[in-house]
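Read-outs throughout are calculated quantities, based only on the coordinates presented, and are distinct from any laboratory measurement. Here the structure is a predicted model, which means the values were calculated and not measured. Please note: Cβ atoms are built from the backbone with ideal geometry, for glycine as well, and neighbour counts cover all protein chains shown.
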Amino acid sequence: MSAAPLLEVDGLRMHFFTKAGVVKAVDDVSFRVDRGQILGLVGESGSGKSMTGYSILGLVDPPGRIVEGRIVFDGTDLTRLDPAGWRAIRGNRIAMIFQDPMMTLNPVLRIDTQIVEAVLAHADVSRESALARAREALVRVGIASPDERLRAYPHQFSGGMRQRVAIAIALVNGPDLIIADEPTTALDVTIQGQILFEMQKLCRESGTALVWITHDLSVIAGLADEVCVMYAGRLVESGPVADVLERPLHPYSRGLIDSVPSRNERGRPLHQIPGMTPSLLSLGPGCPFRERCDSANGACRESPAITEPQPGRRLRCYHPAA
Amino acid sequence: MADAEGTGTAAAAATGGAAAIGPWARFRAEFAESRLAMVGLALLAAIVVLGLLAPVISPQNPYDLAQLDVMDSKLAPGEESATGKTYWLGTDDQGRDMLSGILYGLRISLGVGITSTVFALAIGLFFGLLAAYFGGWTDTLVMRVVDIQLSFPAILIALVLLAVLGQGVGKIVVALVTVQWAYYARTVRSAALVERQKEYVEAARVLALGRARIVFRHLLPNCLPPLIVVATVQVAHAIALEATLSFLGLGLPITEPSLGLLISNGFQYLLSGKYWISFYPGIALLLTIMSINLVADQLRDVLNPRLRR
């Protein structure tokens, strides 16, 4: 790792102040992403992984608010950015790809309008050169006959094609960082494979860093360099993807990995983690996973701190698996 | 809405072409599925043409008092006057040719209806979008004003306004706009609240597009389908309201015959057998409103994604 990472999230806490109480959607999350690196952010629904992504881009709406922590992007603390600063960064240096390709494109605007708009929002170029960039971006994400496609409306595209267009919009301004919020969850596995392949290639070629938010460990396994596992708003384990998947230290990571059905276990009942994700509203002190954990004991009533059991790996647990 | 456009997607995908069947062509085909709506559309087109051409085709200019002859008053339809003119729909108590009066009346009714709808739509659209996009106290303020206004009957507000403003075409348009903008504001707000939750708005924010651009370029066009339907129905309402106000003597001055005024003129003769003074303008008003409503009904069916096959 280089001395100054592209993105450093340090002790981020983002809470929702609802009438029913404070929801600690993101509770002490730290990680760093270097240029050209792919970071996987894994967790169940409601683990705060998407909210971490939204926080990075300053997209958290009231009653949500970042209460603590820094998000340093290339030397700038994003939590202190003014609207003008955001305009310079959003869609330009940090882009985002959303989950549902059916929804991310405006149904009433043509593809060319939407991509050109993205270019013109950040670059002072003529409409013609913006269109040329739009065309180039479509080619880069593997869309055949881009000229014809540029004049089409989103409803004339399949789900996979729409997601490619969404990725093209994210790429068109040559961002340093892309945050992808489960962009392949709504797609077929074959299409998902193609998109993962393209994304990996694009990141390697252009040096763009990628934060890939997903609940799907198998996606992370093939795509990411580093992985962060989140549970109930907290980061529970992180490290190089091969290490974490080979030898998970946190009982929750182990449970997640065991929950992925594999061919070897055919005939045997599938593994599952007992219990349910706790409500973030009623979360008391202590390890949020202790109710579902086999190795939990009295010590888990106190929240475990982040430790570094091995170089490059971090863990929030008193009972790391051997 | 996008996922409901199955036929278009399939057709476009099959040919691989971008515009195998455009949205406009599909819209026309779906609209034409209803015979009744096509009849309504044809009728409406005829009424609009007649209204527009009123100065050219009507036998008499009802505004020009010099052309009126009191001797010809209250002639029955088809009766010939002393000077040899035939009044096909009869004359009213001032000797005005009813056919001319109706044609000019249509012109005013449609003009008032459409103008007030356009202005009310623009104002309602603006405030509705504002309320939906910014939320918070902007939303509260706009929507409470709308609620207060909608809690009064439209006719009451218009009556009070006209009593203060006086008579005239411009004033009746002002009154109708004041009455109607609230409907649009409410419709736009509810449509925009749904739309702004969609990811494309979030995606536009991520691109750091300006607020005005997000609201008017991204939100607005997606809120239009329900508005087009409401606007069409409201044209008919506006025409009916204008006729009512004129009938009550508060709308247009006697020198500018609108349909409501003509009906009002003949009202007192209705029971004395001179039915035509009220009857024919009434039929014209009925046909106008009915044709607009037929078109509006079909528009609603075509533009409502839930009713799509």
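Computed from Cα atoms alone, the Kirkwood hydrodynamic radius reported for segment B:25-307 is 20.7 Å. The lysines within cross-link reach of residue A:201, meaning a Cα-to-Cα straight distance under 28 Å and a gap of 8 or more places when in the same chain, are A:49. The GNM of chain B, with springs linking C-alpha atoms under 10 angstrom apart, assigns the highest mean-square fluctuation among B:255, B:115, B:232 to B:255.
Quick one: which of A:188-199, B:165-176, A:228-239, A:299-310 comes out on top by average Cβ neighbours within 10 Å, and what's the full order, highest first? Mind showing how you got there, number by number?
Numbers: A:188-199: 15.8, B:165-176: 18.7, A:228-239: 26.1, A:299-310: 13.3.
Per-residue Cβ counts within 10 Å, averaged per peptide and sorted highest first, yield A:228-239, B:165-176, A:188-199, A:299-310.
Sequence-ordered 3J(HN,Hα) estimates for segment B:198-210 from the Karplus curve with 6.51, -1.76 and 1.60 and θ = phi - 60° stand at 6, 5, 5, 6, 4, 4, 5, 5, 5, 7, 6, 6, x Hz, glycine and proline given as x. Summarising the overall dimensions of chain A from its C-alpha atoms, the Rg and Dmax are 20.4, 67 angstrom.
Across segment A:35-47, computed HN-Hα scalar couplings (Karplus, 6.51 cos²θ - 1.76 cosθ + 1.60, θ = phi - 60°) run 4, x, 8, 10, 10, x, 10, 10, x, 6, 4, x, 7 Hz from first to last residue, x flagging Gly and Pro. For segment A:1-87, the convex hull drawn through the C-alpha positions has a volume of 101 cubic angstrom per residue.
Of all the options A:166, A:121, A:134, the one that moves most in a Gaussian network model of chain A with Cα springs shorter than 10 angstrom is A:121. Averaged over peptide A:97-109, the number of partner chain Cβ atoms lying within 10 Å of each residue's Cβ comes to 6. What does the charge count near residue B:207 come to, summing +1 for each Lys or Arg and -1 for each Asp or Glu among other residues with Cβ under 11 Å from its Cβ? Result for the neighbourhood of residue B:207: +2. Ranked by the mean number of other Cβ atoms within 10 Å per residue, highest first, peptides A:63-71, B:245-253 order as B:245-253, A:63-71.
Taking amide H positions as modeled 1.01 Å from N, with prolines and chain starts lacking one, no residue 5 or more places away or on another chain lies under 5 Å from residue A:142. For chain B, the mean residue ellipticity at 222 nm estimated from helices alone is -22500 deg cm²/dmol, where every DSSP H run of n ≥ 4 contributes -39500 (n - 2.57) and the total is divided by all residues, rounded to the nearest 500.
Kirkwood hydrodynamic radius of segment B:71-202 from all distinct Cα pairs, in Å?
Working: mean 1/r = 0.0561 Å⁻¹.
One over the average 1/r among Cα pairs gives 17.8 Å for segment B:71-202.
Calculated on C-alpha atoms, the gyration radius of segment A:185-235 divided by its Kirkwood radius gives an Rg/Rh of 0.99.
Just counting partner chain Cβ atoms within 10 Å, what average do the residues of peptide B:269-279 show around their Cβ?
Mean shielding count: 0.
Extents of the protein assembly as shown, taken as max minus min of Cα coordinates on every principal axis and listed largest first, are 116, 54, 52 Å.
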